[in-house]
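Read the structure below first, then the notes.
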Amino acid sequence: MNKIKYWLLATAMVFAFGACSEDDEPNPNVTVINMDNGEQNDFDKYLEKTFVDTYNINFIYKWEDVESDMQYALVPAKVENSIKMANLIKYLCLDAYEEVAPEGFLKKYFPKMFMMVGSGGYRNNGTMVLGTAEGGLKITLYLINELDVTDVQRLYSHYFRTIFHEFSHILHQTKDYTTDFDKISATDYVGGSWNDAWKDEGDETIKQDERWSKGFISDYASKETNEDFVELIAHYITNTPESWEAKLVTAGDTGRPILEQKITIVKSYMKDVWKIDMDALRAAIQTRAEKLDEQDLDNISIN
């Protein structure tokens, strides 16, 4: 993979959510999950109790051609790594939200399916897909066979920013944010060119500094307003207060006020619409990340 470029974003994702009105909110009491009636192993029983019964979420780790993306040459996920990822999703994501979100929030709004893929999805242009999302229902996570539970930053960049990014899309498409956000960087979005807009063959830091000065937290955030909005959420809650401040400093006198204006709107939206304090959510995630090495990620006991 030494000559293959891939973008470590919750970015190289396929996003195909349909807009929802407030009248079209999901019903948490209506299941979208069909459990296999065949013999269940211990992991299957753990997933049924932990994900299906609690959140109406189907966690697919066994290879299913019908659920995989046939345009890529993919390999199945290792069972032992899928067990670790299931526990990571519960610990770093679901349990963190449960600390700060209203009762029933996750069961009602969280995506209803996770699909584990062992390898990356390599495109003809040399980029690699780290995660895809379909219709606000399913999130596919790639590179499960390369899972490294000791590297929190890699967990964020390869998996969890994808999850937080896509979940945030569901939220804003259910109840939209103010159009004031759209106006902040209206003339600076680059559309489909986001992949190359901030790269310079001679010195990539030049263009990267330009992206920061424009007030974009990531390359993908510069695509359009919705991606900008959810990228801010995904990056804010996966950065400590100190690392977030360092990013604002890097953005400089031009980019910092833009990022601060945007994150103020994002925080207000999450608080006023969903009753979630972004700083409390970030603290819950960061506290859990600090204690990650204390967790038994191989445990599938249902007692």
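The values are calculated or read from the model by the stated rules, or taken from the named source; none is laboratory data. Everything quoted here is computed from the prediction, not taken from an experiment. Please note: Cβ atoms are built from the backbone with ideal geometry, for glycine as well, and neighbour counts cover all protein chains shown.
All of (1) surrounded by 13 or more Cβ atoms within 10 Å (Cβ to Cβ); (2) of a type outside the set (D, E); (3) within 22 Å of K207 (Cβ to Cβ) hold for V249 with one exception: (1).
Residue count for the stretch 272-303, restricted to those that are part of a loop (DSSP other than H, G, I, E, B) and closer than 18 Å to K262 by Cα: 2. Residue count for the stretch 70-120 under the criterion of being of a type in the set (V, I, T) and under 19 Å from M278 (Cα atoms): the result is 2.
Each row is one residue, and each column tells you yes or no for (1) over 26 Å from Y97 (Cβ atoms); (2) among the β-branched types (V, I, T).
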| site | (1), (2) |
| --- | --- |
| H172 | no, no |
| K183 | yes, no |
| D188 | yes, no |
| W198 | yes, no |
| E210 | yes, no |
| T240 | no, yes |
| K247 | no, no |
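Scan (1) modelled with pLDDT under 95; (2) touching a Cys at 6+ places or on another chain (Cβ under 9 Å) for the single condition K175 breaks and write down its number. Every condition holds for K175 apart from (1). Any residue at all in the stretch 134-141 that is surrounded by fewer than 23 Cβ atoms within 10 Å (Cβ to Cβ), farther than 14 Å from E166 by Cα, at pLDDT below 95 and in the same structural domain as T50 (by TED's automatic domain parsing)? Checked against the condition, which is being surrounded by fewer than 23 Cβ atoms within 10 Å (Cβ to Cβ), farther than 14 Å from E166 by Cα, at pLDDT below 95 and in the same structural domain as T50 (by TED's automatic domain parsing), the stretch 134-141 yields no hits at all.
Going by the conditions given, is T254 farther than 18 Å from Q153 by Cβ, among the polar types (S, T, N, Q) and out of contact with any strand residue (DSSP E or B) (no Cβ under 6 Å at 6 or more places or on another chain)? Yes; evaluated as a whole, the condition is true for this residue.
Here is a yes/no grid of residues against (1) surrounded by fewer than 18 Cβ atoms within 10 Å (Cβ to Cβ); (2) at pLDDT 95 or above:
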position	(1), (2)
Q208	yes, no
R211	no, no
S222	no, yes
E227	no, yes
I237	no, yes
S243	yes, yes
K275	yes, yes
L281	no, yes
S301	yes, no
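From the list G118, G131, the lone residue that is at pLDDT below 95, of a type outside the set (F, W, Y) and more than 26 Å from I237 (Cβ to Cβ) is G118.
Pick out the one residue from D196, D200, D188 that is more than 19 Å from H235 (Cα to Cα), part of a loop (DSSP other than H, G, I, E, B) and at pLDDT 85 or above. Going through D196, D200, D188 in turn, just one is more than 19 Å from H235 (Cα to Cα), part of a loop (DSSP other than H, G, I, E, B) and at pLDDT 85 or above: D188. Taken over the stretch 221-254, the residue count meeting the criterion of being of a type in the set (D, E, K, R) and outside any helix (DSSP H, G or I) is 2. For the stretch 160-181, indicate whether the set of residues that are surrounded by 14 or more Cβ atoms within 10 Å (Cβ to Cβ), of a type in the set (D, E, K, R) and over 30 Å from K90 (Cα atoms) is non-empty. Taking every residue of the stretch 160-181 in turn, none turns out to be surrounded by 14 or more Cβ atoms within 10 Å (Cβ to Cβ), of a type in the set (D, E, K, R) and over 30 Å from K90 (Cα atoms).
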